[in-house]
Amino acid sequence: MKFLTGVLLFWGVVGVYAQEGDRDDYSDSIRKKFLSESKALSLYKGDRKISSGREVKGDVLVLNGNLNVEGTITGKAVVSNGDLIIRNGGRILKDAVAVNGRVVTDNADNVSGSVFQVKPSIFSDQSGVKDDAEEISDESELAAIEIPENLSANLESAELNRKLEEMTLKMEALQAELREDKSNPFGYSYSTNKQEKGKNKKKHSSKSDKYKRYDYSNSENSSHDEEEREDDQDTQPDRSEDRMHSASFVRVDNDETDEDSRESDPVLRRSFNYRDYEKNSYNPFRNTSFFLFDYNRVNGIYLGGKVDRYHKMYENKPFQLYGEAGYAFGQKGIRYRLGLDKIWGNPGSRFTLGGEVHDLTSTQDDWIVGGLENAMYSVLLKLDYRDYYRTQGFSLQAQQNLNPELKLSLAYKVDTYSSVSNTVNWALFRSKNIEFRANPLINDGRMATFVGRAELNSTSQIQDRKSIRRVGWVAFAEAERSRPNWNSDFNFSRYVFSVARLQPLSRWENLNVRIMGGAATGDVPIQKQFSLGGFSSLRGFDFKQFSGNQMFLTNIEYRINSNAFGQVFPVHPFTAILFADAGYTWTNKIFGIKQVFSGVHGRDLQSDIGLGIGDESDFIRLDIAKPITERKSDYKVSMRLNYIF
């Protein structure tokens, strides 16, 4: 049984890496064809905008979306399956490339290098992308074609595409006239035989010898115009090596856009770059699994089904139904959650009103370790890093998105809290003589609370071939209050805040800092107190070694990629982490926020220092930590499958 489970886990990990490899094949192909010499590359997915006044150093690659440039890109700009739109004031200091799209600008001088376009039928032949790319020279008269004044970036995508197609047809007509006028201003020399055409091709070669310039022959190309236009529409293969492509220098009115916004999808936040979002590109809806699995010392095996909030099937719907239902084999009972939300407004400024009923095995340790990671520790090593209690009741909640990065919420919760105990003692690789840590008792009773919360998340990633750096802010503040006159058995107030900054220092380095604090006043129940020590907090100390109704914690991590040292290490890339933690919890019998720090001294602060090693995305990470304030204590070793914060 152990051997079979180990094999399944092994193939599961292999499958994850295989899927990641498949996802990267397309972007790797683009990079090899057009950015093989890139030393610094920012990779984006979906529509992006480089704001006015902003400078992006290095090359930029955008997959499956449009790139709007109002600032400056110091390297190449490559767009695949989208348009490269250069507005007034935008600059690209090297080449501009559009694969299965157009280069759209009002001034060819905005591109210091060369401009290339690759048609879909050409790019389907991976072997000849570079050789068959079409270069567009600095043809200023193409920018002078009359464009409707109402054309702007705020047009719907279908309408914009139609306008661009009209401009392309006008340009094709202009080029047909130019082929008959051999004294044209573009500097092309048109001839009727291939020998002279070859000479002209060498004479007018571009800055980059890697790309092929198309010369337009008066006699050979003009006879195929109508037939080739039909080929473009059907995306059929080229019929002639002298096939004509239309240039797409098109003036676009410079418009004022709303503030940039970003996507809040957590899966996406793990893959991503410095982001400049159009307001309408924010979309929190995503596909998630309907299968539910968990394993811990209280529920034992927990199997069921679920529908997450903001599932893809609820996109553009005014309501969403969410919840879960499963059977806890350890407690021999069904646990469930059922909720309904009513949604108003667009995703960037959504207002949500809803409610739910539930009977769950709950925890407040989500910030310490994720559910799947904790289940793996429980299954494999008989280590459960969460504490549990049962909650039966209902809640009503309202949420307002001020923008895609910032949201406010208010909830009214009524729950009956009850203690639960261990029900299982099995793990794959631990002896039966070793038992799970005992689940602590809580203060049972009926709790009615109002909870207000503000959340900010602006995280993204900068990724190139050899490094991943996270950047942005993650912060939240929460206030919770319960009073006896609300038909509650408890009388307390609880306040928590957390602020984290993820800051790249160079291509290879990142500095991450987090500060957390908490205070609870009144008769604070055990389940609402704070604990520090071990995972995600004071990593040099025992798990939950310190507890109290006041808490302070700070974590600092300096991360450096092994590629910073060249080829010194035989195995890389990997990330080395130097970290330090400091914090403490204390208990005061207080009934007012002014008394929170009474009796607190700096000498009470506990601290540790440590080293870690792992991959860039912290898919797996090994930490070794040693307390500073307890000199005779042992080293603490831990393995993680997620970012600490």
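In segment 290-439, the portion of solvent-accessible area held by carbon and sulfur atoms comes to 64 percent [1.4 Å probe, whole percent, DNA, RNA and ligands not counted].
Sorted by mean Cβ packing within 10 Å, highest first, what order do the peptides 529-542, 549-562, 619-632 take?
On the way: 529-542: 22.6, 549-562: 19.9, 619-632: 15.3.
Highest mean packing first, the order is 529-542, 549-562, 619-632.
Suppose the chain between Ala576 and Glu435 were pulled fully straight at 0.36 nm per residue; how much longer would it get relative to their current alpha carbon spacing?
Values: separation 141, 0.36 × 141 = 50.76 nm, distance 3.37 nm.
Here the answer is 47.4 nm.
In terms of the mean number of neighbouring beta-carbon atoms within 10 Å, the peptides 95-105, 375-385, 422-432 order highest first as 95-105, 375-385, 422-432.
Taking the Kirkwood radius as the inverse of the mean 1/r across Cα pairs, report the Rg/Rh of segment 315-362.
Details: Rg = 14.5 Å, Rh = 12.5 Å.
In segment 315-362, Rg relative to Rh is 1.16.
Placing pseudo-labels 7 Å out from each Cα toward the beta carbon at Thr416 and Ala454 gives an inter-label distance of 3.7 nm. Extension gain, Trp486 to Tyr635, is 48.9 nm, computed as 0.36 nm per intervening residue step minus the present C-alpha separation. If every alpha-carbon in segment 405-541 counts as one equal scatterer, what log10 I(q)/I(0) does Debye give at q = 0.12, 0.16, 0.21 1/Å? With no solvent term, the Cα-only Debye profile gives -0.77, -1.02, -1.20. When the listed pairs Lys332/Lys544; Lys312/Lys407; Lys49/Lys76 are checked against a 23 Å cut-off, the alpha-carbon distance exceeds it for Lys332/Lys544.
Per residue, what accessible area does segment 401-497 have, given a 1.4 Å probe and all protein chains present, in Å²?
On the way: 4960 Å² over 97 residues.
Result: 51 Å² per residue.
Spin-label model, Ser36/Arg446: points 7 Å from Cα along the beta carbon direction are separated by 7.4 nm. Amide hydrogen proximity for Asn443: with H placed 1.01 Å from N in the peptide plane, the residues at 5 or more positions away or on another chain lying under 5 Å are Ile526, Gln527.
In sequence order, segment 66-80 has phi-based couplings of 8, 10, 9, 10, 10, x, 10, 10, 7, x, 7, 10, 10, 10, 10 Hz under the Karplus curve 6.51 cos²θ - 1.76 cosθ + 1.60, θ = phi - 60°, and Gly or Pro positions carry x. The distance between label points at Tyr495 and Leu338 comes to 4.0 nm (points 7 Å beyond Cα on the Cα→Cβ vector). For a paramagnetic label modelled on Tyr327 (point 7 Å from Cα along Cα→Cβ), amide N atoms under 12 Å away are absent within segment 365-384.
Is segment 526-573 rounded, prolate or oblate when judged by the Cα gyration tensor, a ≥ b ≥ c being the square roots of its eigenvalues, rounded requiring a/c under 1.5 and prolate requiring a/b larger than b/c?
On the way: a/c = 5.20, a/b = 3.50, b/c = 1.49.
In terms of gyration-tensor shape, prolate.
The values are calculated or read from the model by the stated rules, or taken from the named source; none is laboratory data. This structure is a prediction, so every number in the text was calculated from the model and none was measured. Using ideal geometry, Cβ is built from the backbone for each residue, glycine included, and neighbour counts are taken over all protein chains shown. Only protein heavy atoms, including side chains, enter the accessible area calculation; ligands, DNA and RNA are left aside. Shrake-Rupley method; radii C 1.70, N 1.55, O 1.52, S 1.80 Å.
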